[in-house]
Amino acid sequence: MRKLSTRRRHPLAGIVVLLLALGVVGGVYSAVRFQPASAETASANDVKAGRNLFLVGCASCHGKNASGIETKRGGNYGPSLIGVGAAAVDFQVGTGRMPMAQSAPQAPAKDPEYTAEETRQLAAYIASLAPGPAIPDDEYTDISGKTVEQIREGGEFFRTNCTACHNSVGAGGALPGGKYAPKLDGVSAKHIAEAMITGPQQMPVFSDDVITPEDKSNIIAYIKQVQDQPNYGGMAGGGLGPVVDGLFTWIIGIGGLVIAAVWIGAHGARVKKK
């Protein structure tokens, strides 16, 4: 190092070394993070087939070029899809949220209208328009080998970032304006990961800079572990919390006792007047 420093006498040498260091750091970062979806990740036939499907089933709201259609009041029938990536399409179409059956504050999940192959083709077409989040690889959605410590860490991340809307066990909850956080029971690991990196509906985007792919995988493992654990206390009541549990107690428990008391009073022995 001393020998190199004695020979580095040019006044721009420090700047050159700094630029080289920044280039190396940027190259390593781009190699280890999620790669954005692009046209090169799918065949030209998939992109062409996806565009044909888009023009038939999606263009009426999102526009022929997927740039959205504005209303006269300044809103839009469907937002622009340029840059949303393949992950957003796979989530929205794969969960049946798109196409919407009717206008509503939020698109509910339902049976998908498109097959898995058609969904892949639609995602390939939208990904070809501009870079965006790609569909997560299996290594980030396979939770079969998670340890207890990793699941515990996933629970900490979930309780910190997600329980305000989704409840501590992923049971969902109501939000202002007729919107809601959907329940996570039965949602596939891939769709949970896609929701975190795309931020559908009113959900914020949790990029890899905010929550790493490994931490996202731990969160998914926690959600699945909570859903599979037995209810040692008896009926779970939906896992909606103590307020709802108390409501169930009053309506079912106290209400049942009141009905029983009324029935006994109406059908009990009566004293006849002489």
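The values are calculated or read from the model by the stated rules, or taken from the named source; none is laboratory data. Because the structure is predicted, anything quoted here is derived from the model rather than measured. Heads up, the Cβs are rebuilt from the backbone with ideal geometry, glycines too, and the neighbour counts pull from every protein chain shown. Each accessible area value is taken on the protein alone, full model and side chains, heavy atoms only, with ligands, DNA and RNA left out. Shrake-Rupley method; radii C 1.70, N 1.55, O 1.52, S 1.80 Å.
By the gyration tensor of its Cα atoms, with a ≥ b ≥ c the square roots of the eigenvalues, what is the shape of region 132-176: rounded for a/c under 1.5, prolate for a/b over b/c, or oblate? Oblate shape, in that a/c is at least 1.5 and b/c is the bigger or equal ratio. When a 1.4 Å probe is rolled over the protein heavy atoms, the share of accessible surface on region 115-160 that falls to carbon and sulfur comes to 50 percent.
Length available on full extension from Ala44 to Glu214: 0.36 nm per residue minus the Cα-Cα distance, which gives 58.0 nm. With a Förster radius of 25 Å applied to the beta-carbon distance between Lys110 and Leu55, the computed FRET efficiency rounds to 0.65.
Loop-only check: which trypsin sites (Lys or Arg not before Pro) in region 40-73 are DSSP coil with at most 10 other Cβ within 10 angstrom? Sparse-neighbourhood loop trypsin sites (Lys or Arg not before Pro): Lys72, Arg73.
Only protein heavy atoms count here; on that basis, with a 1.4 Å probe, Lys190 has an accessible area of about 80 Å².
Remark: spin-label model distance Ile251-Lys179 equals 2.7 nm, labels positioned 7 Å along the Cα→Cβ axis. A crude spin-label estimate for the pair Ala266 and Ser168, with each label 7 Å from Cα along the Cβ direction, gives 4.1 nm.
Computed over protein heavy atoms with a 1.4 angstrom probe, the accessible surface ordering of Thr160, Thr249, Thr198, largest first, is Thr160, Thr249, Thr198.
With R₀ fixed at 35 Å, the C-beta to C-beta distance from Glu117 to Ile69 puts the FRET efficiency at about 0.80. Backbone amide hydrogens, once placed in the peptide plane, bring Gly78 within less than 5 Å of Ile69, excluding anything fewer than 5 places away on its chain.
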